[in-house]
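The values are calculated or read from the model by the stated rules, or taken from the named source; none is laboratory data. Here the structure is a predicted model, which is why all the values come from computation and not from measurement. Positions of Cβ are generated from backbone atoms using ideal geometry, with glycine treated the same way; all protein chains shown enter the neighbour counts.
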Amino acid sequence: MNKWIGISVGAVVGISHIGMIGLLATRSSFPRLDLPVSEYTSYSVRAGKDGYAINYRANDPLIMGVRKNVNRPAGFLGLGRSKTNYEEQYTMDGSRHLQNGDGSPKISAARIECIKAAGGGESTGKIVGGSIGAAVGTSGLASVPYVGWVLAGAATMLGMEQGAEIGGQMAMDFAGCEDVIDNVEDIR
């Protein structure tokens with residue numbers, strides 16, 4: 001009977017030692033921290049035997065920015081190129097991505113004027129481009145046997161498309177919309 005008591009006590013002491021070694025091996029000297037982490041947070045922890053220090057920023061970076069390099073047609077009938085560089089800085093609670101804070105998108109007066117200018121310019125440009133395309137189509141392309149009428153129509157349509165694009169861009173340039181809208185595609 002003494003033999004079984006000795007084996008039992010030895011097994012309990014052995015298992016408790018193995019458990020204690022496991023606890024000591026997996027124990028961390030750092031405290032458990034539940035910091036809220038998102039794409040706009042940053043933190044650093046300095047820890048040592050005497051304690052720890054935490055530097056936590058919930059809104060980092062404080063100022064964000066966007067840089068754009070825009071190449072667009074410029075000059076007479078849009079034959080030249082204009083390079084414009086924009087740089088915008090904003091904060092996380094700015095109207096750039098929260099749309100004025102109440103969730104409803106609102107358009108500024110300058111943007112409305114630019115949209116009107118682009119629409120008017122596209123309309124006028126389409127008329128002018130269509131007339132130029134029709135003049136080219138009827139002067140030479142319409143005389144091609146069997147497919148002349150198709151080529152004349154294609155020249156007119158191509159002139160209308162190019163005229164609308166150039167006219168919209170020219171109207172936006174004259175209205176001073178370089179920093180409000182990047183190109184005609186932004187308003188569509």
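Condition check for ILE115 on (1) closer than 30 Å to GLY176 by Cα; (2) surrounded by 12 or more Cβ atoms within 10 Å (Cβ to Cβ); (3) under 26 Å from the mean Cα position of the chain (by Cα); (4) at pLDDT below 80: one failure, at (4). A search for C-beta distances below 8 Å between a residue of region 7-30 that is within 30 Å of LYS49 (Cβ to Cβ) and any residue that is outside any helix (DSSP H, G or I) and of a type in the set (A, V, I, L, M), counting only pairs 6+ apart in sequence or on different chains, returns SER29/ALA47; PHE30/VAL45; PHE30/ALA47.
Annotation: of all residues in region 49-59 being assigned to a loop (DSSP other than H, G, I, E, B) and at pLDDT below 80, the one that is farthest from PRO36 (Cα to Cα) is LYS49.
Matching residues to (1) more than 25 Å from GLU122 (Cα to Cα); (2) modelled with pLDDT of 80 or more; (3) in a strand (DSSP E or B); (4) not basic (Lys, Arg):
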{"site": "ALA47", "(1), (2), (3), (4)": "yes, no, yes, yes"}
{"site": "PRO61", "(1), (2), (3), (4)": "yes, no, no, yes"}
{"site": "ASN85", "(1), (2), (3), (4)": "no, yes, yes, yes"}
{"site": "ASP93", "(1), (2), (3), (4)": "yes, no, no, yes"}
{"site": "ARG96", "(1), (2), (3), (4)": "yes, no, no, no"}
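What do you reckon, is GLY129 at pLDDT below 80, over 25 Å from VAL66 (Cβ atoms) and more than 19 Å from the chain's Cα centre (by Cα)? When the stated conditions are applied, GLY129 does not pass them.
Summed over region 134-157, the residues that are within 25 Å of ASP173 (Cα to Cα) and either modelled with pLDDT under 85 or more than 41 Å from the chain's Cα centre (by Cα) (or both) give a count of 0.
May I ask you to verify whether GLU161 is without any contact (Cβ under 8 Å) to a residue 40 or more places away in the chain and not aliphatic (A, V, I, L, M)? Criteria met by GLU161. Remark: pairs (first residue in region 78-100, among the acidic types (Asp, Glu); second residue modelled with pLDDT of 75 or more and part of a strand (DSSP E or B); Cβ separation under 7 Å; 6+ apart in sequence or on different chains) = GLU87/GLY65; GLU87/ARG67; GLU88/GLY65; GLU88/VAL66. In a residue-by-residue description of region 135-143, the property of being in contact with a helix residue (DSSP H, G or I) (Cβ under 7 Å, 6 or more places away or on another chain) and under 29 Å from SER82 (Cα atoms) applies to at least one position.
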